[in-house]
Amino acid sequence: MRVFYRALRRSVLVYRQTKVSFCCTEMTRQWGKLLGFGARDIPACTSREVNLFIDRHQANGRTILQLVPIRHCPFCGEFVEMIREKR
């Protein structure tokens, strides 16, 4: 699996996914829901990893998003390769 991204200069360095070549159909189905680049629903993030998204419930009734970096596809076991694109 390959994930392409670009680095953007703002007040801090952030990363944005540009394209993905998926390794299996299950990864394609779960991308953006269970797994994804950076943080879920955030287009540009300081994390340049592919992460597993875990919703953690808090005592006040809200949830926070926990990110767990992964290096291999949890469905087929293929290595996740991160490729930085130059402008």
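In the condition set (1) in a loop (DSSP other than H, G, I, E, B); (2) of a type outside the set (Phe, Trp, Tyr); (3) touching a residue at least 24 places away in the same chain (Cβ under 8 Å), residue 77 is compliant with all but (3).
If I go through region 63-82 residue by residue, how many of them are surrounded by fewer than 13 Cβ atoms within 10 Å (Cβ to Cβ), touching a strand residue (DSSP E or B) at 6+ places or on another chain (Cβ under 7 Å) and more than 13 Å from residue 51 (Cβ to Cβ)? The number of residues fulfilling the criteria is 3. Close Cβ contacts (under 8 Å, 6 or more residues apart or on different chains) running from residues in region 60-71 that are closer than 20 Å to residue 47 by Cα to residues that are of a type in the set (Val, Ile, Thr) and part of a strand (DSSP E or B) comprise 65/54; 66/54; 67/54; 68/54; 69/50; 70/50. Just checking, does region 31-48 include any residue being in contact with a Gly (Cβ under 9 Å, 6 or more places away or on another chain), among the hydroxyl-bearing types (Ser, Thr, Tyr) and closer than 19 Å to residue 79 by Cβ? Checking region 31-48: at least one residue is in contact with a Gly (Cβ under 9 Å, 6 or more places away or on another chain), among the hydroxyl-bearing types (Ser, Thr, Tyr) and closer than 19 Å to residue 79 by Cβ. Name the residue that is modelled with the lowest pLDDT, counting only residues in region 35-87 that are polar (S, T, N, Q) and under 20 Å from residue 2 (Cβ atoms). Of everything passing the filter in region 35-87, 47 is modelled with the lowest pLDDT. Yes or no: residue 56 in a strand (DSSP E or B) and loosely packed, with under 11 Cβ neighbours inside 10 Å? Yes: the conditions hold for residue 56. The single condition among (1) more than 15 Å from residue 81 (Cα to Cα); (2) out of contact with any Cys (no Cβ under 6 Å at 6 or more places or on another chain) that residue 49 does not meet is (1).
The values are calculated or read from the model by the stated rules, or taken from the named source; none is laboratory data. Keep in mind that this is a model prediction, so the values were computed, not measured. As a convention, Cβ positions derive from the backbone with ideal geometry for all residues, glycine included, and neighbour counts pool all protein chains shown.
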